[in-house]
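Down below is the structure, laid out as structure tokens.
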Amino acid sequence: MTHDGVTEWETALLEGGPADGAVIRLANRPGVVQVTHPCTVEGSASEMRIAALYVYRRDLRVKEEPLRYGFDPVSP
């Protein structure tokens, strides 16, 4: 949240999926957090950077820190 133009950082916990248990700091309580993990690239695309994408959605029932974000297995 912001207060008088100053960004206030909050703690959030990621639950489920590959980032289960990770604690992050974020601002403005986004509805969705994306987590990426680099993939190994071989062959003709070896100069590309490719990452696996995982989506975590905010649990709107949680109003206090740590906020909670749950893994969404059907996203993106």
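Bear in mind these aren't lab numbers, they're just calculated from the coordinates by the rules spelled out. Note that the coordinates shown come from a computational prediction; the quantities given were computed from them, not determined experimentally. Note that each Cβ is placed from the backbone with ideal geometry, even for glycine, and that neighbours are counted across all protein chains shown.
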### Summary
Here, Glu8 and Ser46, labelled 7 Å along Cα→Cβ, have an inter-label distance in nm of 5.2 nm
## Note on the structure
Scan of the chain for trypsin sites (Lys or Arg not before Pro) in DSSP loops with at most 11 other beta-carbon atoms within 10 Å gives a longest site-free stretch of 1-48
## Note on the structure
Over all pairs of different Cα atoms in the chain, the reciprocal of the mean inverse distance gives a Kirkwood radius in Å of 13.9 Å
### Task
Considering Cα pairs under 8 angstrom that are at least six residues apart, work out the relative contact order of the chain and quote it in whole percent.
32 percent
### Lys, Arg +1 and Asp, Glu -1 on Cβ, resulting dipole of the chain about Cα centre, debye, nearest 20
160 debye
### Task
Determine ³J(HN,Hα), in whole Hz, for all residues of region 12-28 in sequence, where each value follows from phi through the Karplus function 6.51 cos²θ - 1.76 cosθ + 1.60 and θ = phi - 60°; x replaces Gly and Pro.
9, 10, 8, 10, x, x, x, 9, 3, x, 5, 10, 10, 10, 8, 10, 6
